[in-house]
Structures are given as structure tokens and as C-alpha cells.
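Report on the structure given below.
The values are calculated or read from the model by the stated rules, or taken from the named source; none is laboratory data. Please read these numbers as outputs of a predicted model, since none were measured by experiment. Counting neighbours? That spans all protein chains shown, and the Cβs are built from the backbone with ideal geometry, glycine included.
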Amino acid sequence: MICSPLDQFRILPIIENMLLGLDFSLTNTALIQFLSLGSFLFLSLLYTSPVVYLDQGTQNQKSELTAFLVPNNRWFLLFENLYKMIHSLLMDNVGVKGQPYFPFLFAVFNFVLCTNLIGLIPYSFTATSHIIVTFSLALIVFVGVNVIGVELHKYRFLNLFLPSGTAFALAFLLVPLEIVSFLSKPISLSVRLFANMMAGHTLLKVIAGFAWSMMKGGPLLFIAHVLPLAVLFLLVGLELGVALIQAYVFTVLSCIYLNDSIHLH
């Protein structure tokens, strides 16, 4: 029986639960998102744990300290560079006014990154390959930045739909275009992530199935299957890069949308 490459994206119930006629079952996509959240919380715990900062002997000698300044752990340096990367990304795109929103963007980046990376583990599930997951994330970002914009600028937030210095005669053309562009932001943000993850994993499944079929095709094809298998390993490395890049792009676009809401045109 030949399975479709799209079978890997099926949402399956793990623990079925019906309550008042509503389905509250724990599915594979929900489990992966819980694991992604747990991974982020675990990394946050390591980031603030004294174990990451000091070795055991130093901790015993200085147990009274509540804050440590000198890291001596490679894992901590990785987390620190990740922290600095998102902070510099926020400062470059938004500026000083965007600092209060750093925790949210840092959490969004890590959640998308963990979800993408977990999806690369064999026999796991890629939650970001579903448009409902990515659109929900994009909608949270979209609603959040608009609430910030309305809170900061009140009715002047409508200036976002009419760039400053625009002639009144062009307003009838630009305002509808700006509204369409404004409403398409969560759609483009979600489709970009969903399409890249789904396309990459589908390609991996197709090549893996092709290599498996060659293995069962006879002695010569069994030897020749090494070629698609080598290509598969290269594509896995490429997918790892795509997982990192897509998390970065999702955060960059979130910063750009936040900048538009804070500074308008």
C-alpha cells in the first residue's frame, strides 16, 4: 500500500474526549504545540538558572548570590546570542519604543522555532504545516499590534491608511489599496510559514518514498537508491535552515507591523 506524501499532515486524535457535544480531544498538533511551549519554558528556566552561570564548586562557595554576571557555559552563550539577536532585530526595525514588546516577540520567535524543529524529528508532526496554526499565530500578532497602535494614537491611527503628503485626489485610490494591504497582512504572514513548511516536508516524503521503492526494485536499483538517499540527507539539512529562517522571517515581519502601528507613516 502506497501512502500519500500528504498523509503526514493528517490531524489525528490521541486522547478522544467529547464534552457537551463538543470535541475536546488531544490531537497530534496540540501535543506538538504543548511540547514546543514546554521546550521554550525549559530553555527559559535554563537561561535563569544558576547552573548555567556557575559550576557546582562556585555555587557552593557563593550560594548567597542571587544574580551572576559571568557565564561559563556554552549553552548559556547560545541563549544569550539568541536573546541579543532578537533584541537587535527589534531595535533595528522598531527602535527604543519597541522595547516593552520584546518579551512577546522573543516568545513568538522561540515558539515558531521550536515547533519547526520538532517537526523535523522522525515520526513527529509539523504543527506549522497547517494553515489554522499559522493563521492563529499571525492573527494574534495582527490584533496585538493594532491594539497597540489604537492605544497610542487613538483616531490618528487611521492615518495608516493615508500616507502623509498624499494629494487629496489620490486618496480615493490609495485608501482602498492601503485597506486591502492592511487586511492581507495576517494572511501573507501565515501562508508564508505554512507553505514553506508543508512544501519542504512533502518533498522529503516524496524522495524518501522514491528511495524506498528503489530498494525493493531489485539488486541494481537497490544499489542506485543511494543517490536519492544522499539527496534526502542534503534536503534535511536544507529543511533545518528553512525552519530557522522561517522563524526569523515571521519575527521580522511582526517587528515591521509593530513599527507601522507605533510610528504610522
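For residue 254, the conditions (1) over 30 Å from residue 4 (Cα atoms); (2) modelled with pLDDT under 85 all hold with the exception of (2). Taking residues in the stretch 9-28 that are under 27 Å from residue 206 (Cβ atoms), and partners anywhere that are aromatic (Phe, Trp, Tyr), the pairs with Cβ atoms closer than 7 Å and at least 6 places apart or on different chains are 28/125. Scanning the stretch 197-220 for residues that are free of Cβ contacts under 8 Å to residues at least 12 places away in the same chain and of a type in the set (D, E, K, R) yields a single hit, 216. Number of residues in the stretch 19-37 that are modelled with pLDDT under 80 and closer than 14 Å to residue 112 by Cβ equals 0. Applying the condition of being surrounded by fewer than 13 Cβ atoms within 10 Å (Cβ to Cβ) and more than 17 Å from residue 45 (Cα to Cα) to the stretch 68-89 and asking which residue is modelled with the highest pLDDT yields 88. Note on the stretch 147-265: enclosed helices (runs of 4 or more DSSP H) holding 2 or more residues that are under 22 Å from residue 123 (Cα atoms) and of a type outside the set (Lys, Arg) are 185-215, 226-263.
Residue under question is residue 227, and the condition is that it be buried (at least 16 other Cβ atoms within 10 Å of the Cβ) and out of contact with any strand residue (DSSP E or B) (no Cβ under 7 Å at 6 or more places or on another chain); does it hold? So residue 227 does not fit the description; no.
Looking across the stretch 125-146 at every residue that is out of contact with any His (no Cβ under 8 Å at 6 or more places or on another chain) and not in a helix (DSSP H, G or I), the one that is surrounded by the most Cβ atoms within 10 Å (Cβ to Cβ) is identified as 125.
Return yes when residue 163 is closer than 29 Å to residue 139 by Cα and at pLDDT 80 or above and no when it is not. It is false that residue 163 is closer than 29 Å to residue 139 by Cα and at pLDDT 80 or above.
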